[in-house]
Amino acid sequence: MSWVSWTLFLTFAFLTSCKSTNLWSNIFLDAEITFISKTVEDAHFSKFHIIRVENTYTPTRIIVLCTAKPELESCKKINILKNFRYRVTDKSSLTKAVFVPLIDDDEIIGKLNCEYLIRQSDRVLGQEYIFGYTISPRNLDYFKRAAKLIRAAKLIVLGNNVNSPVLIPCLTCSPITFFDLKVVSLPGIQIAWDAINRNMHNLLLFVSNPVNAKCGLLIRGFVNLTEPGFCAEATFAEKYNLTLLQYKGEDEIFFGDRSFGLATSKVLNATGAKDCLYKVFLNHINFLAVTNPPSPASSVEVFVSPFDPESWICILLSIISVAGFFTFLTWWGTRQTLWSTMVHMMITVMFVFLGNVGETCGKMYRSRKVCLILVVIWLFGNFVLMVNVYQGSIYSCMTVLFPPPTPRGVEDLVKLDIPIVAGDTFYDTVTRSDKSYLVDYILPDLRERIKPGKKLYEFLRKFEEKLLSTQNGSINAMVRQILVENSPRGHPTIALLIPESIIDYSEWIFKFLGNRRIVRNKGESPFHIVEHRVGPTNFLLPYFKKEAGRFSESGLAGMWDNVYKIALVLRHAKLIPGVRIYFKVVQYSFGNVREPVTFHESHPVSMELIMPAFIICAIVMGVGAVGFISEC
């Protein structure tokens, strides 16, 4: 090898070694870079030209915000960065990084511009890494509110040139501190960012529930749990060293720099642009029918078996045909009066059915010592009673409890003459008032979407005319009076509309409050609403989403949901006097209690079913009266 070739080889090796030791060498191989400039003069990014040289194959774009002055006030008004965000249809697995200028001669304007660019780079451009270069990289005023501005992005602070130290700020520290990163790589930045900012240093997080609530399975310890998401929020706050405060209204502390605002809240139907979605579920509104307790049948219905019409017709035809046959034979042989013979034979047939001998039991009738009509009534009553005794119907009627009829579906709510009460109220943390799913959300939305004249529209119109709400104090008092009734006193049947998410536990509560019979609708309900569990889009977003996934996968979310519902039951059980009832509530809440099965008649006794008995009785009485008159 000649000395020229040897010299070229050593020179190339030296340059390669220098290039490989460069701080920015090939760290953006699997990324996209965006350079933001405030002026056209700075659009060439001569200070960071080495980054473009060292990452030749990395997709790069340059955005110039303003062409004259460094102020961004005019750009803020039109939000010009919206034109440069990625389209929804664009799919890319490349990591996205942006270099933004945090430089300004005016301190106040510089602070505003810094916050604006940090926020827009994360929320509008969707960048994962924000490299902000400034003359004063350790100026704390520029980054005081950064934790509330960014979501999932990592903020890296640089000096005004590529050779300046690479700093990662601890945005949750007070005051904000900076850590020097010796080796620059995107995975290294991710690890360092999580290690530095994992501890939230007692920043404030507001929740709707009292902060002293307990999430463990304690019989008397967690009855103050009023929000289903509190347990997840409390566990998250404990892990990341956050201070929980109960939300009692927007004040200076709530909007302060050390506050992350409200942790999570419930939003119905549609979410806002500033909301981060954690959970979505469809909540149906079903109903419970509250009726009087089952009672044994009374009055004449007990003593008459409810035969079907065919059986009644068969009994009547059998009596008439058998009596007519014997009457014909007797009349043909003795030439007696037709009516008297027929009456005699009818009584004889009854005696035969009753297992008696007609000749011995008919002497009193033939001698006219007993009124014929009373005898006929007594004989017919004896006949019916004996038949019922043979069947066991009387015993069945006296022992089997017959529940009042209840609606079998949502359509029956309109058809039956019963009150419909919307018991689906909840406390809205945003408006700080009681709301109803049906009255305030579902029915107004259905009215807007359904045209008049359709069948569903007419159903909704009639439904709304009958609908009452527990938001009304008098309606709430009426419902409570019915539910706590614990005596044989009767009340009108009501239909109570309740969300299906808590309908099981509501059924428990109502059964323990009084002796009313609670019947749950087994059919589907056309009323439903989409519930979203949302939180603010701030520095906690990636941590909370990660922990929410872990809570769901580990089963903690389901356990906490049951804890909240059990707390709801026990909180209402405390209002019921008596230790025995509270113990029973605890037993049903924590155990799997087997209830005895109650059987009911498939066709309960009614006056309509036994009406043929009175018809037969009238016929027999009429025939007996005619026979009695003819004998005189």
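Here are the numbers for this structure:
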| item | result |
| --- | --- |
| In the stretch 93-112, the residues that are modelled with pLDDT of 75 or more, within 43 Å of the chain's Cα centre (by Cα) and outside any loop (DSSP other than H, G, I, E, B) | Thr95, Lys96, Ala97, Val98 |
| Residues within the stretch 202-250 that are surrounded by 15 or more Cβ atoms within 10 Å (Cβ to Cβ), out of contact with any Phe, Trp or Tyr (no Cβ under 8 Å at 6 or more places or on another chain) and modelled with pLDDT under 80, tallied | 3 |
| Qualifying residues in the stretch 403-428 (those that are within 18 Å of the chain's Cα centre (by Cα) and surrounded by fewer than 17 Cβ atoms within 10 Å (Cβ to Cβ)) - the one farthest from Asp504 (Cα to Cα) | Asp428 |
| Condition met for Lys435 (surrounded by fewer than 16 Cβ atoms within 10 Å (Cβ to Cβ) and either closer than 30 Å to Ile150 by Cβ or of a type in the set (D, E, K, R) (or both)) | no |
| The stretch 113-163: number of residues that are among the acidic types (Asp, Glu) and either within 36 Å of the chain's Cα centre (by Cα) or part of a loop (DSSP other than H, G, I, E, B) (or both) | 2 |
| Pairs where the first residue, in the stretch 148-176, is assigned by TED's automatic domain parsing to the domain that holds Val100 and the second is in a loop (DSSP other than H, G, I, E, B) and among the acidic types (Asp, Glu), C-beta under 9 Å, 6+ apart | Lys148/Asp257; Ala152/Glu128; Ala153/Glu128; Lys154/Glu128 |
| Members of the stretch 415-440 that are among the β-branched types (Val, Ile, Thr) and closer than 23 Å to Ser474 by Cβ | Ile418, Ile420, Val421, Thr425, Val439 |
| Enumeration of residues in the stretch 527-560 that are surrounded by 15 or more Cβ atoms within 10 Å (Cβ to Cβ) and within 16 Å of the chain's Cα centre (by Cα) | Phe527, His528, Ile529, Glu531, His532, Arg533, Val534, Ala557, Trp560 |
| Subset of the stretch 172-186 [β-branched (Val, Ile, Thr) and surrounded by fewer than 12 Cβ atoms within 10 Å (Cβ to Cβ)] | Val183 |
| Residue count, the stretch 438-450 (criterion: free of Cβ contacts under 8 Å to residues at least 12 places away in the same chain and buried (at least 18 other Cβ atoms within 10 Å of the Cβ)) | 1 |
| Residue list for the stretch 497-516, restricted to those being outside any helix (DSSP H, G or I) and either among the basic types (Lys, Arg) or within 16 Å of Asn286 (Cα to Cα) (or both) | Leu497, Ile498, Pro499, Glu500, Ser501, Ile502, Arg516 |
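Residues are listed down the side, and each one gets a yes or a no for (1) touching a helix residue (DSSP H, G or I) at 6+ places or on another chain (Cβ under 6 Å); (2) modelled with pLDDT of 85 or more; (3) in a helix (DSSP H, G or I):
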position: Ala495; (1), (2), (3): yes, yes, no
position: Ile518; (1), (2), (3): yes, yes, no
position: Ile529; (1), (2), (3): yes, no, no
position: Arg533; (1), (2), (3): no, no, no
position: Glu547; (1), (2), (3): yes, yes, yes
position: Glu553; (1), (2), (3): no, yes, yes
position: Lys565; (1), (2), (3): yes, no, yes
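The values are calculated or read from the model by the stated rules, or taken from the named source; none is laboratory data. Predicted model, so just to flag it, every value in this text is computed and none were measured. A quick note on method: Cβ atoms are made from the backbone with ideal geometry, for glycine too, and the neighbour counts reach across all protein chains shown.
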